[in-house]
Amino acid sequence: MNWLNLCSGGEIGRQAVKELGLPVTNWFSSEIDKFAIKVAQDNHRDIIHIGDIRNVIDVTRNLPIDVILCGSPCQGFSVAGKGLNFEHPQSKLFFDFVKIYKYHYERFPQCKLLFENVRMKKEWQDIILNTLQEINPNLKLHMINSSIVSAQNRLRMYITDFEFDIPEDKNVKLRDIIECGCVDREKSYCLDANYWKGGNLKMYFEKSRRQLVFGDGCKQVGIADLNGHDILKRVYSIEGKSPTLNTCNGGNREPKIVCGDKPLKSASITGRRLDRQGIRKDNDLTVPITQTLEVSDSDKSRCLSTLTKDTVVSPLPKGRYPDAYGENALHWRKLTVKECCRLQTLPDDYCKAVSNSQGYKILGNGWTNEVIKFILKGKVNESK
């Protein structure tokens, strides 16, 4: 079978097909992001990269394609975006995809399609569906929430001519996939491509975005308190604001989770100018200097100096309210890359080939592996 994956990202589509054991003669992958390609190559050695989607027809002109997969860029359609829809420079690539699908379907009508995108305004959704049904009237639209197979609420639009059954809810809870700490809901908020930036309580409670995990390392916040939101509401209500991390961890790096015999990390105590939201203001001399903890990603100690604070150890960079908040102090963190892999039902180390920031982006833009598996499962097997 010849497979063609357009806007393929980190190739979660290839992962799903590999786990299903479906036959692959050639796997053509169209992607231009170098970090996504690196993840794809690290996990799948048989991929044939063919570059920009606008060059795909030239590369695949005389090949019979059995299955086309596509998750075209969603920035123009997302409710979190600016609503540019088909005018967005990335989302308008949808029409390049349509040309490719029409070209191959007319020459090889057995060609199957799986197209995915975000939930969007019905008028945009109808344009996409009607455009594709003009090529293949057998295509149907399905709205599927990844929550049935994962610990994440992720509602997506799938247009396909695969016949499949929605599986029973696997009842996977967020608390089942986190490395340590506590959570106040059964399913995570939907991952997005900007999750690498982290979150704060204001975004978490007011906008229902950017999932957080609560607790001081492995010392958990009381489950009853979290379930009732008592602690969270009390802390969040202070001055109507949500101060974020009062520690620095060397940039947008994965939080360090220390359980049992996991090693401590090298760190240093450094003076930084931070505002109440924890944002660095190095050039603003009116902002007082605050001593912050910066934890290294290296397994080696920082260079020794004459200052004791330059070389310390830390179990984990923690989000904490200033001591002035006393008993209301609360620790929180963002999900780790490993936990995000689990939300997308991927192996824990799927994004090990790239930095944590790039891993978050790839996972936020990617597919939920188990959803792709149950869509592809069955019909391909029957036809082959």
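The values are calculated or read from the model by the stated rules, or taken from the named source; none is laboratory data. The structure presented is a predicted model; accordingly, all values stated were derived computationally and were not measured. Positions of Cβ are generated from backbone atoms using ideal geometry, with glycine treated the same way; all protein chains shown enter the neighbour counts.
Annotations
- Among the residues of the range 354-376, those identified as in a helix (DSSP H, G or I) and hydroxyl-bearing (Ser, Thr, Tyr) are Ser357, Tyr360.
- A single member of Phe115, Phe77 is modelled with pLDDT under 85, outside any helix (DSSP H, G or I) and among the aromatic types (Phe, Trp, Tyr), and it is Phe77.
- Those residues of the range 280-297 which are surrounded by fewer than 16 Cβ atoms within 10 Å (Cβ to Cβ) and at pLDDT below 70, in sequence order: Gln291, Asp297
- Candidate set: the range 151-193, residues that are assigned to a loop (DSSP other than H, G, I, E, B) and among the β-branched types (Val, Ile, Thr); chosen: the one farthest from Tyr204 (Cα to Cα): Ile166
- Under the condition of being more than 14 Å from Phe94 (Cβ to Cβ) and either part of a helix (DSSP H, G or I) or at pLDDT 95 or above (or both), the residues counted in the range 121-133 number 3.
- Any hit, the range 196-203, residues being assigned to a loop (DSSP other than H, G, I, E, B), crowded, with 20+ Cβ neighbours inside 10 Å, touching a helix residue (DSSP H, G or I) at 6+ places or on another chain (Cβ under 9 Å) and aromatic (Phe, Trp, Tyr): no
- Residue check for Ala40: touching a strand residue (DSSP E or B) at 6+ places or on another chain (Cβ under 7 Å) and either in a helix (DSSP H, G or I) or modelled with pLDDT under 85 (or both): yes
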